[in-house]
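Asker: Following this message is one structure expressed as structure tokens.
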Amino acid sequence: MRSLGFMSLRSTSEKAYATEIAKRARSCGIECFRFIPSAIDPRTELISGEKYDPDKEDWETASFPLPDVLYDRCFYGNDPHSRQCRSIVHYLKNRSDILFLGHGLPNKLELYKILAQSTLAPYIPKSIHAQSAGQVLQPSSLVSPMILKPANGSQGAGIYYLEMQKDGLLVKTDTTEKQISRLFADQKKAAVWLGQLLSGNSYLLQPYLPLSNEDNQPFDIRILLQKNEAGKWREMGRGVRVGRENGIISNLSAGSAVSSFETWLEKSSVSSSRFLRAELSEISKALPEILEDALPPLFEIGLDIGIARDGAIWILDVNSKPGRKVILETDPDKKEALYRAPLLYGKLLTSAGQAERRKNSEKTVSH
């Protein structure tokens with residue numbers, strides 16, 4: 001029987017998602033395991049983790065060898081444990097005898113370089129690497145409001161809105177509970193804050209795009225793409241995330257609401273729904289091919305699209321470890337397909353002679 005290993009940084013991370021996959025594994029002839037990368041014994045390569053028992057419908061503590069296919073759902077931070085696990089996963093992805101469902105994407109800076117040189121360049125906001133406070137605070141950088149976005153961030157965390165006003169630099173960021181703002185009347189203090197921020201993480205500086213609806217709520221369109229049992233990309237669904245009034249981001253982690261794409265489109269002021277549908281379909285079709293031409297194979301892509309008030313369409317984010325909440329809430333009928341997809345694609349990968357095994361792992365674990 002084939003085996004699938006679900007990797008996360010903590011034993012509690014995405015357990016519900018792993019369980020839904022495991023419930024369907026037996027029907028696909030697959031055993032499911034859960035583990036943390038640091039739980040791999042470097043001498044024996046035995047893993048201390050959990051194995052799903054379909055008869056008991058629960059996870060049991062177990063020791064087991066590396067599964068046939070690994071599903072990387074690790075979201076790394078800057079803490080020592082994240083750095084340790086990142087190194088282990090990087091090592092595993094460099095090995096030709098280990099299969100991953102998907103190899104992940106590089107950080108947002110590297111991703112920007114790839115997309116900015118592709119046919120999707122017109123949809124990509126201009127981005128520069130913010131390397132110092134002086135660079136960010138120079139007058140030419142803040143002629144209009146800007147966004148600071150962490151290169152290795154996810155779920156909208158650590159995004160800052162910057163606007164130079166008469167009284168100083170206004171900084172805003174959204175949290176789950178509320179929006180936090182601060183006005184730096186003293187440019188030296190602003191420089192100190194920015195210097196501390198930029199010294200700890202790599203950031204992109206982008207123009208602030210007016211991506212709000214008529215109620216001044218930020219919103220975006222989330223499109224989920226996955227490979228099917230034949231290794232072909234397909235769109236699993238799309239939905240709309242709407243943030244708080246006067247907010248900066250529309251991520252679920254910042255308290256956004258979700259609605260179906262069709263419902264939103266009926267109520268929106270988008271002048272040409274036919275044009276928007278065509279554009280979204282073209283982007284969704286082109287993106288996977290562009291990424292896999294430059295990077296190792298992927299299994300799934302979360303694509304976030306913004307619609308500006310002038311009708312311009314922008315690719316806001318692309319990630320290789322997307323959530324499913326938007327699709328499940330807006331189209332519950334997709335539940336079975338979403339939870340079976342990793343199993344069916346995993347079976348394909350274990351077949352002999354898969355071209356998906358090609359290696360190019362220098363840029364695969366930043367995300």
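The values are calculated or read from the model by the stated rules, or taken from the named source; none is laboratory data. Since we're looking at a predicted model, the values are computed, not measured. Positions of Cβ are backbone-derived with ideal geometry, glycine not excepted, and every protein chain shown enters the neighbour counts. Remember, those area values only see protein heavy atoms, side chains included, never the ligands or the DNA or RNA. Shrake-Rupley method; radii C 1.70, N 1.55, O 1.52, S 1.80 Å.
Asker: So what is the relative contact order of the chain, in percent, for Cα pairs below 8 Å that sit 6 or more residues apart?
Answerer: Values: 707 pairs, mean separation 69.6, N = 367.
That works out to 19 percent.
Asker: Percent relative contact order of the stretch 1-49, based on C-alpha pairs within less than 8 angstrom and at least six residues apart?
Answerer: Once divided by the residue count of the stretch 1-49, the mean separation gives 44 percent.
Asker: For the stretch 87-125, list residues with backbone N below 19 Å from a point placed 7 Å from the Cα of Asp293 toward its Cβ?
Answerer: Answer for the stretch 87-125: 105-106, 110-125.
Asker: For volume of the Cα convex hull per residue in Å³, which listed value, [x] 145; [y] 173; [z] 136, comes from the coordinates shown?
Answerer: Read-out taken from this structure: [x].
Asker: Let me ask you something else. Charges only on Cβ, +1 for Lys and Arg, -1 for Asp and Glu: so what's the dipole of the stretch 2-100 about the Cα centre, in debye to the nearest 20?
Answerer: In total the dipole reaches around 300 debye.
Asker: Give me the one-decimal nm value for the distance between modelled label points at Asn94 and Ser82, 7 Å along each residue's Cα-to-Cβ direction.
Answerer: 2.2 nm
Asker: Moving to a separate point now. Sorted by accessible area (1.4 Å probe), largest first, how do Glu214, Glu292 line up?
Answerer: On the way: Glu214 135, Glu292 35 Å².
Final ranking, largest accessible area leading: Glu214, Glu292.
Asker: Along the positive direction of the dipole of the stretch 32-132 (beta-carbon charges: Lys, Arg +1; Asp, Glu -1; about the Cα centre), which of Ser63, Thr44, Gly77 reaches farthest?
Answerer: Gly77
Asker: Follow-up question, since we're still on this one. Could you give the length gained by full extension between Lys166 and Arg10, i.e. 0.36 nm per residue of separation minus their alpha carbon distance, to one decimal place?
Answerer: 51.5 nm
Asker: Oh, and also: Set the bar at 20 Å for Cα to Cα. Now go through Lys23/Lys285; Lys232/Lys321; Lys108/Lys166; Lys23/Lys56; Lys93/Lys149 and name every pair that lies beyond it.
Answerer: Lys23/Lys285; Lys108/Lys166; Lys93/Lys149
Asker: Between Glu214 and Asn246, what length in nm is gained on full extension when 0.36 nm per residue of separation is reduced by their alpha carbon distance?
Answerer: Roughly 10.4 nm would be gained on extension.
Asker: Then there is this: Need the full-extension length gain, Lys126 to Ala62, defined as separation in residues times 0.36 nm minus the C-alpha distance. One decimal, nm. Each step should come with its number before you reach the end.
Answerer: On the way: separation 64, 0.36 × 64 = 23.04 nm, distance 4.86 nm.
That works out to 18.2 nm of additional length.
Asker: A follow-up question, please. Suppose R0 equals 51 Å. What FRET efficiency, 1/(1 + (r/R0)^6) with r the Cβ-Cβ distance, do Lys232 and Arg182 give to the nearest 0.05?
Answerer: Efficiency for this residue pair is about 0.60.
Asker: Additional query: Just how large is the dipole of the chain about the Cα centre, in debye to the nearest 20, putting +1 at every Lys and Arg Cβ and -1 at every Asp and Glu Cβ?
Answerer: Value, rounded to 20: 500 debye.
Asker: Whole number in Å², please: accessible area per residue of the chain, 1.4 Å probe, ligands, DNA and RNA not counted.
Answerer: Numbers: 17300 Å² over 367 residues.
It amounts to 47 Å² per residue over the chain.
Asker: Moving on. Under a plain spin-label model, where a point goes 7 Å from the Cα along Cα-to-Cβ, how far apart in nm are Glu20 and Lys325?
Answerer: 1.2 nm
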